[in-house]
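First the structure, in the form of structure tokens, and then the observations on it.
Read the figures in this text as sums done on the coordinates, not as results from a lab. Quick caveat, the model's predicted, so the values are computed rather than measured. Cβ sites come from the backbone with ideal geometry, for glycine too, and all protein chains shown count toward neighbours.
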Amino acid sequence: MKNQHTSTRNLNYVDAFTMFIVSALSVCLLLYVAFGEARRTNEQFQIDKLTGQAELMQVTLETFLHAGLPIRQYAGFSIISYPIMSTDKSIAGMAVRDPAGVKIFSVGDGARAIPSLRNVAASDQPEVQRSDAIIEISVPLRNKFERVGTLAVSMRRALIDSKVVEAFKPLLGVGFFACLMFALYTLFHRSKAHQSTYRRLTFVYAGVYLSVAAAVIWSMIAVYSNGAQAKAQSVAAVLGARLDDVPQIGLNYDQFTGISQLLEDYRRLNPDVSNVELTANGKIIGHVNKALVGKQYVPDSNSRIISLKLSPKKYPSDIELVVEIPKSVIYWQIARNAKNFAALFIASGLVASLFMELGRALRESGKRQRNHTGNEEEVSAAATLLVKPAYFLAVFVESLSYPILPHFAQQLATSMGVSASYASAPFMIYYAMFGLALIIALPLEKRFGPRTLMIAGLALCGASYFALSFDADFLTLVASRAMAGIGQGIMFIGVQSFALNQSRSNQRTQAAGIIVFGFQAGTLAGMAIGSLLVNYLEIPGLFSLATATSLLTCLYIFGIVPDLRASKVEAYQRRTKGGWSEFVSILRDSQFLRSMALIGVPAKAVMTGVVLFAMPLLLRQSGYMQEDVGQMTMIYAASVVIISHVVSRYVDRTGSVEGILLMGALLSGAGLLLISYAGQDVAAREIHANIHTSFAIGTSLMVLGVAMLGVAHGLINAPIVTNVANAPIATDLGAARVAAAYRLLERVGHITGPLILSQIFLMSTQSWFSLNWVAAATILFGLIFIATSKQSSEPGYPAELSQ
């Protein structure tokens, strides 16, 4: 009895430590992403500020150059640079270089600290160069005929990052304390291992995550507020340095013209600034809106206001320069971060729930082994759960690159000198090799067993990701995607075979749940985390993470998952094995062929061609950020998961299949039309014109369209298997064989989807309007499907293993 009590107490300590690690990983990921977001946004504030200052100096220098004088004869560089250098301590240096990159003028130390950075400002737009220590903004200097030099302004990254580091240091303690409290809760409330305990544990985990996220958002508000305020102060200081000479020499501003135009130039070069005013005793004497000159100044309550007094003592008027930045600039950045944290919360929650369930299975399995209790059904269920994390992580590492893969493939294709339409090749080869692996892996499983297949498949995936961890070309990408397709296909067969071997006849739905959960949850988590981490790890680092995760998962499979030899699997293979004549017989069945060709294959083609290939390209082209792309595809996957769960029960209860499939096809077309409308060129122009209003409207429509498309495919994925399993041919060959044939043939949609979209892009340009053609075809196929329907009266056949 004492030994049993000691063993239980030790297990409680192990559980508490495990939950501490799980929560710590989630919190660390949150802090890492939040720190990167804060650093990136604060850095962008500083870059915008320096770009405005560089462009102001550019105007002064080009006025001299347009007079036909050579840049080397300009004598006032130190004079025009002094007000900026003296008012903004983040600037390390300034320099003017000739077209060959040779320095002509310089002030400060920063210009000498960047000798390795090339002279890139050959275009008319400002360009940003980064090194580990310095950020440099370069603007071209042109006379009336040609570019004659470059103006470079540099700042030290350490000075920028120090503000963010200072704000985030307390959050480490907050995160550690929250994880410690979660572990202690686990330790003292885990003794009763019933279902309600695990539900409470899930809620406590959510509370831990959300409390840390709230602290993070509070800190980020401070960082962004300081960044926006520093930007406004810099604008006010630089502008004030140009205006304060007037009162200093005893003159009045009404003796000068062009003041309002000068203020407008500053506002134009600093797009986050809403208004710049010059006031005398509270009366506006200069404003970006000339109609307000002469009126009383009224502060805007929705803006942060920076005022700078310009008048010296004993000057007859109280002269102030006022710069206003809307608070919405800060709120918009916080809203973006909150959106990213919500996506990260979903991904982390899926990972945490998976390991909580795994810990529960290991705990209960160990208890049964010590007490020699538990029937065969309980033992089988516990063993089946062991493979769940393996498949989840296999899909997770594959999905990490989904948000960036289309754009990455297009870049590599164009850099190799081939058409951008070849960007569909990595997608096509992946799904072709996946289908091939499904065929070749079954006899290999019989010989080597499921565990060996899982390790081999995941090792192939890891090798494919490793090949992309360095500077890759397009051919390397295609080859690695082929290897990943084979690896994922072999992994799928290994997991499926293991689940079949371990599950009893009345546990087949649980076995299916492992694959459904692994695929959907792994896709959700992978896309959410991948789209965020790529901003900080970059593409090679993302593939390195996938390689390391694949290796660790292989070690988990080798150490935890039992090695089986085929028994039930052999019987299953005998039941599902058929020759080419049987395959042809299945294709001759009209109900099977209609369901596959008009509903199933088009749905898969839309998934791979639109959701995974075309939409990421179009979103990036329209100015959406990388994390937005991943979160759009997340919305699609989440909608599929939610509606699939609901509709599967409805179909099993009512047997109504073809009406659901028609609804899915029509809703799919409607979703595509809405996505196309939201992404039209007019909406894209509105996004760039007014990002804080039109962007929100356009994105809301886009989200609704993507969610509709996900719901539509949720209405199709499970019912389509039921429909083909109800086909007349299933009476002769068996529902399992017909369903297996369908699962293989639907890969045609996976393969052709990216090919079709790339050809549409090639013929009609890469635009949102192209999706209208896909929408029309989807709706037409659905109408043909129902017009040729001969509704079966047989009850629904539940799909056993559907991905």
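The table below gives the values:
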{"quantity": "Cα-Cα over 20 Å, subset of LYS169/LYS339; LYS231/LYS313; LYS89/LYS283; LYS49/LYS327; LYS290/LYS313; LYS290/LYS327", "calculated": "LYS169/LYS339; LYS231/LYS313; LYS89/LYS283; LYS290/LYS313; LYS290/LYS327"}
{"quantity": "Label-to-label distance, nm, for residues given as ALA548 and TYR82 (7 Å Cα→Cβ offset)", "calculated": "5.2 nm"}
{"quantity": "Model label zone, LEU593; criterion: amide N under 15 Å from point 7 Å along Cα-to-beta-carbon; scope region 763-787", "calculated": "785"}
{"quantity": "Simple spin-label estimate for GLN621 and LYS144 in nanometres, 7 Å along Cα-Cβ", "calculated": "4.1 nm"}
{"quantity": "Computed FRET value (nearest 0.05) for GLN44 with LEU172, which takes r as the C-beta separation and R₀ as 35 Å", "calculated": "0.90"}
{"quantity": "PHE203-LEU69 pseudo-label distance in nm [points 7 Å out on the Cα-to-Cβ vector]", "calculated": "7.6 nm"}
{"quantity": "Within-12-Å neighbourhood charge of GLY782 [Cβ basis; K, R +1; D, E -1]", "calculated": "0"}
{"quantity": "Rounded if a/c under 1.5, otherwise prolate or oblate - region 427-490, Cα gyration tensor axes", "calculated": "oblate"}
{"quantity": "Cβ-derived FRET efficiency at R0 25 Å, LEU436 paired with LEU780, nearest 0.05", "calculated": "0.20"}
{"quantity": "In range of the label at ASP300: residues from region 309-324 whose backbone nitrogen is under 17 Å from the point 7 Å along Cα→Cβ", "calculated": "321-324"}
{"quantity": "Förster radius 25 Å - calculated FRET efficiency between ARG336 and PHE188, Cβ distance, rounded to 0.05", "calculated": "0.05"}
{"quantity": "In region 127-162, GluC sites (Glu not before Pro) in a DSSP loop with at most 15 other beta-carbon atoms within 10 Å", "calculated": "GLU146"}
